[in-house]
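Okay, structure first, notes after.
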């Protein structure tokens with residue numbers, strides 16, 4: 001197993017350039033501005049979490065009604081449908 005020097009050099013170059021970009025981005029904002037960014041990011045993550053939680057709670061609530069259609073006794077708006085109507 002030989003060491004490919006071109007891959008090592010490429011990795012080092014990418015790592016150095018990524019580090020330079022990261023330092024440039026991190027020093028662009030003051031600590032107070034980073035605090036504001038953190039608060040806003042926290043709010044956005046909280047809203048996304050609430051949305052995902054609502055989606056899965058709603059999905060779990062509707063799941064018993066959908067699972068009944070497999071057995072042919074799914075009712076919706078007073079209309080009873082059998083398994084054969086769901087196959088087409």
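Things to note:
- Cα-based radius of gyration of the range 9-58 once divided by 2.2 N^0.38 Å, which approximates compact folds: 1.80
- Sites residue 25 and residue 45 - FRET efficiency at Förster radius 22 Å, r taken between beta-carbons, to 0.05: 0.65
No lab work stands behind these numbers, since they all come straight from the coordinates. These figures come from a predicted structure and were not determined experimentally. No Cβ is skipped: glycine too gets one built from the backbone with ideal geometry, and neighbour counts run over all protein chains shown.
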